[in-house]
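Structure, as C-alpha cells:
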Amino acid sequence: MKLISVNKSKKKSIEYQGKQILTGIFKEPAEGKTLVRQGNLEGDEQADLVNHGGSHKAVYGFSYDHYNYWRDTLKQPDLQHGAFGENLTISGLDEAGLFIGDQLSIGECVLEVSQPRVPCFKLGIALKNTRAPKLFTKTYNTGVYFRVVNEGVISAGDSVTKMHSASHSVSIKSLFRAYFDKSFEQAHQIMTEALTLEALAPEWQEKLLSRLPE
C-alpha cells in the first residue's frame, strides 16, 4: 500500500436546504509533511464532533483504487483526492482485507483500524449528488476510520505497511455489510463476533447491541 495523498480542510459554513451548516468535508490535498495527532491531523478541522473526529475516528482513510469506479458512476471524471472527505487516500487499501484491530505503519505514525465509515448527507453535498450516500453504502466499500497509536509525521508517497494483524477479528467490509445488508446470511454471526473485539469503537458497539436480539 502507498499513501497517495494527505487531505485536510478548515471548517466551512454553507447553505443547505435553507439553513447554514458547518462542515469540514471539503478536503483538499496538502503539500509537504503533516503531523498526525491523537485526535486529528494537524491543520485539519471537523465541524460535527459527535459524528466525526475523536480518538476512535481521528483519521479517515479511503482507497485510491475506488476512484475510477466513482468517476464513472457519478460521471465526474475530475474527482480529486479528498473528494470523499478522506484524510488519507491510500492505494491498495482494501476494506475486505483490513480487520478491526489491524495496525498500519505510515511514515512515523502507527494507526489502528477502529470502525467502518457510515456516510451522511454531507457526502452528497461534497459530491454534488444527493444519491451519493445511498450509492456509497451499497458498495460496502466506504473506507476505514483509524485511531492513532503513535503520533508522527506523514507525507504523500510514504509506504503503508500492515505491522500487526488482529487475530479472530472481522473485516471492515464484512462488518459494514452485516449491519446494512438485511439479506446477508452471515450478518448475525459477524455482528456477534465483532462485539467481542476490544478494538471496535464504542459507536459501533452500540450500533450492534441495538441491532442484535437480547
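The values are calculated or read from the model by the stated rules, or taken from the named source; none is laboratory data. Note that the coordinates shown come from a computational prediction; the quantities given were computed from them, not determined experimentally. Every residue, glycine among them, receives a Cβ derived from its backbone with ideal geometry; neighbour counts consider all protein chains shown.
Summary of values
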read-out: Subset of the range 1-20 that is more than 18 Å from the chain's Cα centre (by Cα) and hydroxyl-bearing (Ser, Thr, Tyr) - its residue that is nearest to SER105 (Cα to Cα); value: SER13
read-out: Subset of the range 136-161 that is of a type in the set (D, E, K, R) and touching a residue at least 60 places away in the same chain (Cβ under 8 Å) - its residue that is farthest from ALA199 (Cα to Cα); value: ASP158
read-out: Qualifying residue in the range 34-53 (condition: modelled with pLDDT of 95 or more, β-branched (Val, Ile, Thr), out of contact with any Cys (no Cβ under 6 Å at 6 or more places or on another chain) and within 30 Å of ALA194 (Cα to Cα)); value: no
read-out: Enumeration of residues in the range 75-100 that are among the aromatic types (Phe, Trp, Tyr) and surrounded by 23 or more Cβ atoms within 10 Å (Cβ to Cβ); value: PHE84
read-out: Yes/no for ASP158 being under 30 Å from TYR16 (Cα atoms) and of a type in the set (Asp, Glu); value: no
read-out: Cβ pairs under 7 Å, 6+ apart, first in the range 91-117 and closer than 18 Å to LEU3 by Cα, second assigned to a loop (DSSP other than H, G, I, E, B) and hydrophobic (A, V, I, L, M, F, W, C); value: SER91/MET1; GLY92/MET1; LEU93/MET1; ASP102/ALA166; GLU112/ALA199; VAL113/LEU98; VAL113/ILE100
read-out: Matching residues, the range 107-151, being in a strand (DSSP E or B) and surrounded by 23 or more Cβ atoms within 10 Å (Cβ to Cβ); value: LEU111, VAL113, SER114, GLN115, PRO116, VAL144, TYR145, PHE146
read-out: Flag if THR23 is closer than 21 Å to GLU108 by Cβ, crowded, with 20+ Cβ neighbours inside 10 Å, in contact (Cβ under 8 Å) with a residue 24 or more places away in the chain and in contact with a helix residue (DSSP H, G or I) (Cβ under 7 Å, 6 or more places away or on another chain); value: no
read-out: Hits in the range 188-202 (condition: crowded, with 17+ Cβ neighbours inside 10 Å and either in contact (Cβ under 8 Å) with a residue 60 or more places away in the chain or more than 20 Å from VAL113 (Cβ to Cβ) (or both)); value: ALA194, LEU197, ALA199, LEU200, ALA201
read-out: Matching residues in the range 167-178 - criterion: being crowded, with 16+ Cβ neighbours inside 10 Å and either farther than 15 Å from TYR140 by Cβ or in contact (Cβ under 8 Å) with a residue 60 or more places away in the chain (or both); value: SER169, VAL170, SER171, ILE172, LYS173, SER174, LEU175, PHE176
